[in-house]
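The values are calculated or read from the model by the stated rules, or taken from the named source; none is laboratory data. Quick caveat: nothing in here was measured; it's all calculated off a predicted structure. With ideal geometry, Cβ positions are generated from the backbone for all residues, glycine too; neighbour counts draw on all protein chains shown. Accessible surface areas use protein heavy atoms only, side chains included; no ligands, DNA or RNA. Shrake-Rupley method; radii C 1.70, N 1.55, O 1.52, S 1.80 Å.
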Amino acid sequence: MSESRPETAEQGREWEALARGAAKDLLGGSREPIEMQRELLVFGLDRAAYAVSVEHVREIVRMRELTPIPRAPAWLLGVVSLRGEIVEVLDLRRRLGLGASTPDRSNRIVVLHGDVDRVAGLLVDSVSEVHRVPEEAILPAQGLDLASVGEICTRGDEFVSILDLDRVLGVVEVDLADRSSGETGDADG
Amino acid sequence: MADRRTDRHGAGSPVASSHERTGGQDTREFVSEAEDTLEQMRESLSRLHDQRAEAGEVDPDLVNRLFRAAHSLKGLAGMFEFDAVGALAHRLEDILDGLRLGRIAIDSPVVPLLDEGVALFAAALSRIEQSGSGTTDLETSVREIVARLERGLAASPVASGEGLDGLGLADSELRALTEYEEHRLRENLRQGRHLSRVETTFEISAFEDGLAEISAAIREVGEVVSTLPSPGPAPESQICFALLVGTDVSAEHLAERLDFPDTRVVSIQEGRPPAAPAPKSAAGGHEPAGEVETRFGDRSAEHESAGPVPEIESLRSISETVRVDIRKLDELMNLVGELVIQRNAIEDVALRLNQNPGTARIGAELGKVHKAIDRKLKSLQSGVLDVRMVPMRQVFEKLSRVARRLHRDLGKDPEVNFKGADTELDKLIVEQLVDPLVHVVRNAFDHALEPSEERVAAGKSPRGTIGVSAFQRGNHVVIEVEDDGRGMDVESIRAEAVSSGLIGEQEQLTKKEILNLVFQAGFSTAREVSSTSGRGVGMDVVRNNLAEMGGMVEVTSEAGSGTTVTITLPITLAIIQALIVGVGDERFAIPLNAVLETLAVEPSQILHSEGREILNLRGEPLLLRRLGEEFEIPCGGPEARQFAVVLGLGDQRLGLLVDRLQGQQDTVIKPIKGPVQQIRGIAGATQLGDRGAILVIDVSSVVTDATRRREAA
């Protein structure tokens, strides 16, 4: 089957490496190794800059009608309908411990996709641009007590915090199902 | 002479070829085709064992079918280069070949190896499916069983045959027989049938049809051993045939039945009654009058006539069906769902046009178009839904095999009856239904049924009965598993629930509530398998599996008499009619198939009892639950007038209180994608018109939660 888009993030990286290799050959094979670069989508939240790898971004949409989910954790704003597909939207502010969002029309939703059909939306204030950074300029965010930020890099004179997607959305399989005894089941705040 | 194929692949080669596999697509194709064939083999093997047990002999068509299936598997494995399973299929084919040619007797010890071989093949298949390539951990097992099969083949006694000389058959006739035909001839003689030759003539242009007709007529009373063109006195435009047949009726009788032109029947040997009467076990248990039952393993239910089913028939039925990837059906279903949503949007637009006098006429026209689309869409909808429906028969056949295996493993031999094999369910539901059902049946075998001595002492029939029946009730399918075993002891269940901390010592519960405690998670894990209770471990898993499909399960029982497990499932998950309701600022959709009625409720009508709210509905108490409270949504206070949506699921009733009723819609329930799964009380979401998403309520969990919830007194 001929798909023109990578099915997983990993496959995307593979293809990219292949393409770069091929390009190198076409350009007459320069002796220098081409630097690995990463492409990041940079967006703003509370006047700070955050980013995710471009390969995880499926689309960016304007703010739209949000349907709240009953008994959900506070960082789960609700669901939106994307051309018929129902996708959960997370409050990135809350997720990062920066307080609560009051979504309005200026917000944007960054729709992310991971592997195995995982989709989720992140509510952000604004979206800036795609920023290309050489791998070596990306530093691990150790020493910074940030639960969801894995790495950091610079862009001009500001820092950009690169989100660790697994921590932000992937592994959070919160189960709201256990309400059997009624009293003890507890949704995480 | 069977040609011992010399291209032995050898059991030493790795299960998967070392060639690059062209990818998942190929493997999927192989697995899917192989699974189908394997399924047929399992069914046929099961029938083979039954026939062997009941009659001591086996329908030759059955063996042929098994042989062809094994041959298919071998070819398939070879084509996709799965060498070791190919070798396995090859040995199975050899055994079946020996069986059908009479070289291996039906009671040879090699025959049970067939079951093992098939089971191992199935295991290898699922490994292949998961990993996409090798199944190295099964290599040893495969090698071992291939070796055993080969040893068995070598050691097999050749069934002795009666001499065919002195029969009055011409040498040329005898020589023309294939080994298989020779074997069939001997078999017919051994069974003491009448042997005759049917000589007939046809026009060359029409002989195929004629031959088929006369063969069918013969098959009604016997078997066609061989069909040969014969050099007879016939003009150029015609052709003569001689059919060797073995029949249960005499040659004269046969001649009378074969009312075809240019036909005569010559008797070769008179039949005689068989030496020992074939042992036919009496059909145990009672034959209930009236209901049409299908008993699997009962050969007479399959064949109306005395002879084997003509092969021509079975080929035709295969070509009438098409195998479709279930994902394509899902896509179709989605498309139809999208069309439904757009159709609703058209209706919206038409209404708005109608409201404005300037555009009212156009609005009316659009309204007509909408109605026409609506009609066609409904047909399309039911057509696509229909394609996904499969009969319960498939599930029953699997259960039948499970029962057989349990019989072998546990030594208990209850009569297992099935009713309603034609009841249809969505294919996806059926696939997920098998495991829970097997679990329930297994429990019945294991725990509910007492050993025969105990049964006889209690005045019951020694064998015991398990009845599985499926029927449609409104928009649901109900499946009941009923046994006449020892029943469930309410007291000991209560005691165990108390000791595992599920309920308090002092709590008062009805018998029904106590019985349904067995579905609670804490209950099953705390108990050990006990001989005093009716049901064993794992019922909470069963309930969860069913709840995921929007179904539910209940149990009723009488100590000493038996237990019934009732499973209720929606017929399909796809497009449903929904009632839109409003609570506070939110809207929700409730599947209409669970809604019995809706009523307006004044606050003064609400009664309170034991901390719950109740409504007096035509003399019966109806438990109420405020949706706003359930979902923690701020809504109109207790002084406001509300509406009760009366939900019914199985026997349970709940009145869900909402602020507003906002009409009905066709909707498609879609899954909610995102990191938070398992949202209690929500079955999915749908889109209404061009507005946002609306959450669809999971009726079964809401009803179950409400009826189980106990407020502190």
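Here is how the numbers come out for the structure above:
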quantity: Long-range neighbours under 9 Å by Cβ, at least six apart or interchain, first residue within 13 Å of B:Glu639 (Cβ to Cβ) within the range B:602-614, second of a type in the set (Gly, Ala, Ser) and in a loop (DSSP other than H, G, I, E, B); calculated: B:Pro603/B:Ala640
quantity: Of the criteria (1) within 26 Å of B:Arg52 (Cβ to Cβ); (2) of a type in the set (S, T, N, Q); (3) modelled with pLDDT under 80, which one B:Gln394 fails; calculated: (3)
quantity: Residue within the range B:105-116 that is under 13 Å from B:Leu149 (Cα atoms), in a helix (DSSP H, G or I) and acidic (Asp, Glu) present; calculated: yes
quantity: Among (1) at pLDDT below 80; (2) surrounded by 12 or more Cβ atoms within 10 Å (Cβ to Cβ); (3) farther than 30 Å from B:Asp666 by Cα - the single one B:His439 does not satisfy; calculated: (1)
quantity: Qualifying positions in the range B:625-667 - outside any helix (DSSP H, G or I), open to solvent by 10 Å² or more (accessible area, probe 1.4 Å) and within 14 Å of another protein chain (Cβ to nearest Cβ); calculated: B:Arg625, B:Arg626, B:Glu632, B:Ile633, B:Pro634, B:Cys635
quantity: Selection status of B:Thr227, in contact (Cβ under 8 Å) with a residue 24 or more places away in the chain and open to solvent by less than 90 Å² (accessible area, probe 1.4 Å); calculated: no
quantity: Looking only at the range B:346-383, and only at residues there that are more than 46 Å from the chain's Cα centre (by Cα) and open to solvent by 90 Å² or more (accessible area, probe 1.4 Å), the one that is farthest from B:Lys328 (Cα to Cα); calculated: B:Pro357
quantity: Odd one out for B:Glu320, checked against (1) under 30 Å from B:His49 (Cα atoms); (2) modelled with pLDDT of 85 or more; calculated: (2)
quantity: Residue among B:Asp483, B:Asp426, B:Asp386 that alone is surrounded by fewer than 18 Cβ atoms within 10 Å (Cβ to Cβ) and either within 21 Å of B:Ala547 (Cβ to Cβ) or among the acidic types (Asp, Glu) (or both); calculated: B:Asp386
quantity: Inter-residue pairs, beta-carbon under 7 Å, first closer than 14 Å to A:Val124 by Cα and in the range A:59-87, second polar (S, T, N, Q) and part of a loop (DSSP other than H, G, I, E, B), 6+ apart; calculated: A:Met63/A:Asn107
quantity: Residue check for A:Val57: touching a Lys or Arg at 6+ places or on another chain (Cβ under 8 Å), among the aliphatic types (A, V, I, L, M) and at pLDDT 85 or above; calculated: no
quantity: Residues being under 13 Å from A:Ser148 (Cα atoms) and modelled with pLDDT of 90 or more - total across the range A:92-113; calculated: 0
quantity: Test for B:Ile606: is it of a type in the set (A, V, I, L, M) and within 14 Å of chain A (Cβ to nearest Cβ); calculated: no
quantity: Subset of the range B:176-190 [open to solvent by less than 50 Å² (accessible area, probe 1.4 Å) and of a type in the set (S, T, N, Q)]; calculated: B:Asn188
quantity: Test: residue in the range B:206-217 that is under 29 Å from B:Leu99 (Cβ atoms), over 39 Å from the mean Cα position of the chain (by Cα) and either of a type outside the set (Ser, Thr, Tyr) or open to solvent by less than 30 Å² (accessible area, probe 1.4 Å) (or both); calculated: no
quantity: Residue in the range B:674-682 that is more than 14 Å from chain A (Cβ to nearest Cβ) and in contact with a Lys or Arg (Cβ under 7 Å, 6 or more places away or on another chain) present; calculated: no
quantity: Single unsatisfied condition, B:Pro671 versus (1) in contact with a strand residue (DSSP E or B) (Cβ under 7 Å, 6 or more places away or on another chain); (2) away from every other protein chain (no Cβ under 13 Å); (3) open to solvent by 30 Å² or more (accessible area, probe 1.4 Å); calculated: (2)
quantity: Flag if B:Glu236 is modelled with pLDDT of 80 or more, farther than 30 Å from B:Phe418 by Cα and acidic (Asp, Glu); calculated: no
